[in-house]
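Structure, as structure tokens:
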Amino acid sequence: MHDDSLPTRLAHALSAAPAGPLAVAFSGGPDSSALLHALSRLPAARDRDLSAVHVDHRLHPHSSQWAEQVQAFCRQLEVPVTVLPVHVERASGRGIEAAARSARYQAFSQHLAAGTLLALAHHRDDQAETVLLKLLRGAGPEGLGGMRSLRLYAHIQLWRPLLDCPREVLQRYVQQQALSTISDPANQQADLARSYLRTIVLPSLTRHWPEAHAALAHSAKLSRTAAHFIDRHVRSALTLLQGADPHTLHAAPWRALDDALRGLVLEHWLHAQELPAPSTAQRINLERQLDKAAVDRVPKITWHGAELRIWRGWIYAMPPQSDPTSDWALPWTGQPLSLPGGGTLHLTSSQVMPVPLQVRSPRPGETMLLRDRQHHTALNKLFQRAGVSPWLRHRCPMIEDPQGRLLAIADLAFTAAGRQHFDDLQTQPCWDR
């Protein structure tokens, strides 16, 4: 007879798991209690310095008592446990479940050593809930692929060895071993999205489709396979489209991508810069702007946490930009200088200038007499030649001597006096945009 007991499942999964110390994310609930107890009986798990980590979210009045119960449970197993209190940002706007999850995983990454295999007790029924939740949020193959059995998070590895395991297997183990577990009332609160699916939606589905959990988990596997296939094409396309500056994306070839790739390439590119992806409506707006943008226009598409600009055939990504006052001036001794609106000005060598200079904003219609020219050149023309994007020009630092004579436009152009000044100091200005 095939042995599908919990210890057998875990022994098989552990034999194929990556190397590294093993920790269990231990809430004290039935699922994580079964996981930790079964692992504690495996010599292979003990050989990996098995430990437990309990996060106290401090959202329930009994959370400190739960922490004590968790510690007592681990003492019986002779498994070291660490309790990590966290602060859950209730006003984050993401909902209490998402905020608690974010605080929990941040605590894991801060506490656990690099390469740690963090075992999570998510099972097949949890995977079914995840797939339904993603479906209701309009997710594509990546989201519908559900939770991954192994995923890198910061410097630790999230390991879910039980995604193919029905909840009944864990429940049966808890009963057989007479384990004392914690019951968190939040797991039964129908006003929380995942709890509503667990307590209301899925029981109703399984009355009509008894194999609903298995079918949803199977769909997750198919979607995950499709997501892997698409991801390879996304990465390949991004390699071709991204500019030498990673914050730029070649606009026309991106617009010409197949619908199945275009949004994912944009999302992957933005996430690599730690910027949020746009909604579908915002992405369509970007496509519309590309289709009708005139050569002399610089369209801007913004959403919370990010903005995109289109210029000279490229899409530029950046955090939301703040505009400095139209007229600003600052003294500069050569030390790194934070500029209004963003960016810094510093010298190529670490020194202090004997006589402070002044740094100011550009002026409308301003011109400059370059050191090797006989006639003044308009500032806008100099910006165009230097490839300074329009949204950066109004914050470009103009460098003057104490008498108000223009010496340089950042590190882009110099007057004869400016070149002589910095050559004498054996250093040069450098504008970090």
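The values are calculated or read from the model by the stated rules, or taken from the named source; none is laboratory data. What you see is a predicted model; the values in this text were computed from it and never measured. Positions of Cβ are generated from backbone atoms using ideal geometry, with glycine treated the same way; all protein chains shown enter the neighbour counts. Only protein heavy atoms, including side chains, enter the accessible area calculation; ligands, DNA and RNA are left aside. Shrake-Rupley method; radii C 1.70, N 1.55, O 1.52, S 1.80 Å.
Of note:
- Taken per residue, the accessible surface of the range 343-433 reaches 51 Å², heavy atoms only and a 1.4 Å probe.
- Remark: the Cα gyration tensor places the range 92-182 in the oblate category, a/c being 1.5 or greater and a/b not exceeding b/c.
- Whole-Å distance, taken between Cα centres, linking the range 296-313 and the range 182-258: 28
- Taking a straight Cα-Cα cut-off under 21 Å and skipping sequence neighbours fewer than 8 places away in the same chain, the lysines within cross-link reach of K134 are K221.
- The length gained on full extension between W209 and R148, counted as 0.36 nm times the residue separation minus their Cα-Cα distance, comes to 19.5 nm.
- Farthest positive-ward along the range 115-228 dipole, Cα basis, beta-carbon charges - from L117, L132, A226: A226
- Simple label model, 7 Å out from Cα along Cβ direction - K381 to T280, nm: 5.0
- Accessible surface for V83 stands near 40 Å², nearest 10, in the context of the full protein assembly shown (1.4 Å probe).
- Cα-derived Rg to Rh of the range 1-111, Kirkwood definition: 1.02
- Distance from the alpha carbon centroid of the range 143-166 to that of the range 319-371 works out to 49 angstrom.
- For a paramagnetic label modelled on A417 (point 7 Å from Cα along Cα→Cβ), amide N atoms under 19 Å away belong, within the range 325-361, to 329-334, 353-361.
- Only Cα pairs under 8 Å and 6+ residues apart enter the sum, and on that basis the relative contact order of the chain stands at 10 percent.
- Positive-end residue of Q76, Q384, V86, charge dipole of the chain with Cβ unit charges: Q384
- All other residues whose Cβ lies under 11 angstrom from that of R262 are scored, Lys and Arg at +1 and Asp and Glu at -1, for a net of -2.
- Solvent-accessible area assigned to carbon and sulfur over the chain amounts to 52 percent, based on a 1.4 Å probe.
- Relative contact order (percent, whole number), the range 252-377, Cα cutoff 8 Å, 6+ residue spacing: 14
- Placing a label point 7 Å from the Cα of D327 along the Cα-to-Cβ direction, the residues of the range 342-363 whose backbone N falls under 18 Å from that point are 358-363.
- Taking the charge dipole of the chain about its Cα centre, with +1 at Lys and Arg Cβ atoms and -1 at Asp and Glu Cβ atoms, the residue from H62, G263, G20 reaching farthest to the positive side is G263.
- Between helix 30-40 and the chain: long-axis angle, C-alpha atoms, 0 to 90°, nearest 10: 80
- The chain, dipole about Cα centre (Lys/Arg Cβ +1, Asp/Glu Cβ -1), debye to the nearest 20: 740
- Degrees between helix 280-292 axis and first principal axis of the chain (Cα, 0 to 90, nearest 10): 30
- Local electrostatic count at A317 - Lys and Arg +1, Asp and Glu -1, tallied over other residues with Cβ under 11 Å: -2
- Crossing angle, helix 259-272 versus the chain [Cα axis fit, 0-90 degrees, rounded to tens]: 80
- Rounded if a/c under 1.5, otherwise prolate or oblate - the range 330-432, Cα gyration tensor axes: oblate
- Anisotropy class of the range 39-164 from Cα gyration tensor, a/c 1.5 cut: oblate
- Reachable lysines from K292, criterion Cα separation under 26 angstrom, eight or more residues apart if same chain: K300, K381
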